[in-house]
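Just so it is clear, none of the values below were taken in a lab; they were calculated from the coordinates. Bear in mind the structure is a predicted one, so any value in this text is a computation, not a measurement. A quick note on method: Cβ atoms are made from the backbone with ideal geometry, for glycine too, and the neighbour counts reach across all protein chains shown.
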Amino acid sequence: MATIYEESQPESVKWETSMHCAVYVRDWKQWQRGQISRIVSETTAEVMLYDSGAVKTVDVSCLRKLEENMKIMRTLAIECSLVDIRPTGGSMQWTATVCECVSYYLTDAQAKIIIQESDVACPLPVKILCKDEAGQFIDISEHLIKKGLAFRNRRTDKADVAGSIPKEHLEVHLEQENSQLDGCNLETACTLNSAAPEKDITVSEREHKSNQAEEPLLQSGVDEVYKPPVIPETKIFQAVVSCVGHDGTIYVIPVSLANELNKLMTEIQCNFKCLGLLEPYCWKKGEACVIRGSDTVWYRGKVTELGGGALQVQYIDRGSIEKIPQCHLYPTALYTDIPPFCLPCELYKTVPIGNFWQQDAIDLLQELLTDEEVEIHVQELLEGDVPVLPPYTLPSLPVPGDTFPVRVTHLVSPKEVCFINVSNIVDRDANSSSALESLDEALKWCNKNVDFLPPLTNFRTEMPCLVEYNDGLWYRAKLLAVKEFDPVKVLIQFVDYGNFSVVPASRLRQIPSHLLHYPVQAVRALLAGFRPPVCDKNKKRIPYCPEWSMEALWAMMECIEGKQLSASILAVSPEVTISLYDDDQNLVHMKLIELGFADMDE
């Protein structure tokens, strides 16, 4: 490969998906054979290196036509899967812990591959033997079983609490950004390559579009492993209060589901046979587990806090939280197709004095309600964890066609902005019956009493929360994605300004429900009338939006920064689309077209 391509020059080729090519991998300083899996932009492409199994995004200048004689030799990387094992807990997906364990032993290691069935197409069923820390050969499958990370795949194995699992082959990603959370599998090439972590983006973060463009993030915890609880169709139903949380959340189990819960508990006791996890294990916050309670009964649960010899866990079918010795926990999910049975509720239009529940109030609620059958009147259907919260609401927008003044608060890309309708900025206190009815006053109160607000425990996408900004003040935000897991770091968006930030979990707080009554101030919108240029020679691309160059982003910033802007709404569905004008009532994007950074969109 080096002899043929070392002195070669970039070729004028229209690269397309599935084309075979020779690619220069700068990280390895090597030419490799590959196949284009995706065209990312005019200047970049995603290539699968079929002699190593890795997937790389490279500049098209690193691509060459693959010589015919290079196509004759078969691929050197063989896709394999471990046989005779399956995930614990009845789930069809492998947890991140399993993937990390396999990656730890196999990445860049010499291993002995024993083919189990030679007449099977990809992936090839194998056993893999490699050396452990002591230099002794171990069977990876047996090692995972011994660690409690896998079950032996036997038809008569009663530990299969979800029944027989069909043999499905899921796509694997061993990149570091995806190995932080739950949900990958063990089908991988014999040659494993560690990818470097994704560098921080300092200009901006792509909101949900970047998440759609990439492969889905692996599951971040029990909230992704299990389905959300099922809310009865009727707005009035009978339920038994299982517990009252320290924050005033009331957990109830609908009476109509009592028999199903009893059946599940019976099956768990019959099918799950374990003494607990006796070996040291690196627990993660939010991880699904099975709990051996003080009554010696096994329950489904999740880890809520780490520290010491005991972990704080929550029984997901009852809602109660307590500290449990690690030896009474087992890291697995059970019956993932069955949602948790308890529903978290909050009292309608009831706000505790001081906006947080005092211990004597919690004690009273527990005394009055625990284990009592009550009648639930559903006032609002809300989603989330503790407390149960609805999403933010959008502000009212002008009638399409009307021009109104705006202030751009955040620039995501030349095509996408976040703006505030200046005409909506009025003195909210003038019509307020009390200071707390003002969003500004409510946020001031939260900043003053932030120490009494519980930390965020639900890292679900779009989850409303309060986030501490660099100025030390707390603002309304929503969670977009988990970026790192140990320690937890999440991508959030400040909903009243539009900007993004990656913050540690310590800077997140649960948001008081009354703060959700105010519409968000910043509206995300797409700009109409232009598109990325067909021919763009600028090689420096926006990392999270490669169809645009960095020069186009800087040019758009100059067009809007410090300017008196106005907008006209063209559409509100499926996305808010606007025309943006400068202080001379000229379309802002015309400057980008003049500079060659954009093309007119017909």
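Results, tabulated for the structure shown:
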| read-out | value |
| --- | --- |
| Per-residue HN-Hα couplings for the range 139-152 [Karplus 6.51, -1.76, 1.60; θ = phi - 60°; Hz; x = Gly/Pro] | 8, 4, 4, 5, 5, 5, 5, 4, 6, x, 9, 8, 9, 6 |
| DSSP-assigned coil residues among GluC sites (Glu not before Pro) in the range 1-56, each with at most 14 further Cβ atoms within 10 Å | Glu6, Glu7, Glu11, Glu16 |
| Relative contact order (%) - criterion: Cα under 8 Å, at least six apart; region: the range 12-150 | 16 |
| Burial order of peptide ranges 236-248, 262-274 (average beta-carbon count within 10 Å, highest first) | 236-248, 262-274 |
| Burial ranking of peptide ranges 63-72, 558-567, 407-416 (average Cβ count within 10 Å, highest at the top) | 407-416, 558-567, 63-72 |
| Alpha carbon convex hull of the range 460-549, volume per residue in cubic angstrom | 140 |
| Extended-chain gain in nm, criterion 0.36 nm per residue less alpha-carbon gap, Ile114 and Lys263 | 49.4 nm |
| The range 396-547, relative contact order [Cα under 8 Å, separation at least 6], % | 23 |
